[in-house]
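Asker: I'd like to ask some things about the structure below.
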Ligand SMILES: Nc1nc2c(ncn2[C@@H]2O[C@H](COP(=O)(O)OP(=O)(O)OP(=O)(O)O)[C@@H](O)[C@H]2O)c(=O)[nH]1
Ligand SMILES: [Mg+2]
């Protein structure tokens, strides 16, 4: 699915005028949002910038995806080295998008398979539920779990945090990418 970068917004006035259903990628810094977005877009190139250090994506980036979608790459949360003032700006920015954006059809909440549910992830998930914002949960970096023991431990911890559906993926091996596309297509087309 080819895609092109639309724009990068640091305030809500800069959001592009809504034209197509939007899928937003949410999660901690470094969880793999931009990487998953690139994997879904495919084609081998990196349309979204992948961080070599956490906290890299500091604005909301909009992408036009063929097939009538827009992908929205949100800045990650939970990176302690970022000054408080910046964190609160991000929060405001993310909230202004999540609350006010009618075009937003589906939020994709990413959880790192090795970290499991962290307090901020749970907070965000509960908030999405409260807002009645449709979302799916995607567990990232599945390729990093090498042994059966690691896989089981990860699954058990994830289950303790959430009993709903969780899709596993790896941006490195491409695992799960097709299923995530199917889910996105189904869930974002329902009104
Ligand atoms: N092994 C492995 N590494 C991954 C995977 N996905 C992402 N990474 C690595 O994790 C780091 C962070 O990935 P990003 O996609 O930039 O993460 P992000 O959530 O967009 O981070 P921020 O923009 O800082 O919020 C990069 O070094 C990626 O190469 C994966 O599925 N497997
Ligand atoms: Mg990013």
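Asker: Going by the structure shown, is residue 166 out of contact with any strand residue (DSSP E or B) (no Cβ under 6 Å at 6 or more places or on another chain) and surrounded by 12 or more Cβ atoms within 10 Å (Cβ to Cβ)? Lay out the reasoning, then the answer.
Answerer: Details: out of contact with any strand residue (DSSP E or B) (no Cβ under 6 Å at 6 or more places or on another chain): no; surrounded by 12 or more Cβ atoms within 10 Å (Cβ to Cβ): yes.
Judged against the criteria, residue 166 is not a match.
Asker: Right, something else. Among the numbered criteria (1) in contact (Cβ under 8 Å) with a residue 40 or more places away in the chain; (2) more than 16 Å from ligand 2 (Cβ to nearest atom); (3) touching a helix residue (DSSP H, G or I) at 6+ places or on another chain (Cβ under 9 Å); (4) outside any loop (DSSP other than H, G, I, E, B), which one does residue 188 miss?
Answerer: With (1) in contact (Cβ under 8 Å) with a residue 40 or more places away in the chain; (2) more than 16 Å from ligand 2 (Cβ to nearest atom); (3) touching a helix residue (DSSP H, G or I) at 6+ places or on another chain (Cβ under 9 Å); (4) outside any loop (DSSP other than H, G, I, E, B) applied to residue 188, the lone miss is (3).
Asker: Still on this structure: Working only within segment 51-65, note down all residues that are surrounded by 15 or more Cβ atoms within 10 Å (Cβ to Cβ) and modelled with pLDDT under 70.
Answerer: First, pick out the residues of segment 51-65 that are surrounded by 15 or more Cβ atoms within 10 Å (Cβ to Cβ): 51, 54-65.
Correct list: 51, 54, 55, 56, 57.
Asker: Filter segment 124-134 down to the residues that are buried (at least 20 other Cβ atoms within 10 Å of the Cβ) and free of Cβ contacts under 8 Å to residues at least 40 places away in the same chain and list them by number.
Answerer: Within segment 124-134, just 125 meets the criteria.
Asker: Quick check on this structure: which one of 13, 20, 92 is more than 15 Å from ligand 1 (Cβ to nearest atom), surrounded by fewer than 22 Cβ atoms within 10 Å (Cβ to Cβ) and modelled with pLDDT under 90?
Answerer: On the way: 13 fails: modelled with pLDDT under 90; 20 fails: modelled with pLDDT under 90.
The unique qualifying residue is 92.
The values are calculated or read from the model by the stated rules, or taken from the named source; none is laboratory data. Not measured: the values here are computed from a predicted model. Positions of Cβ are backbone-derived with ideal geometry, glycine not excepted, and every protein chain shown enters the neighbour counts.
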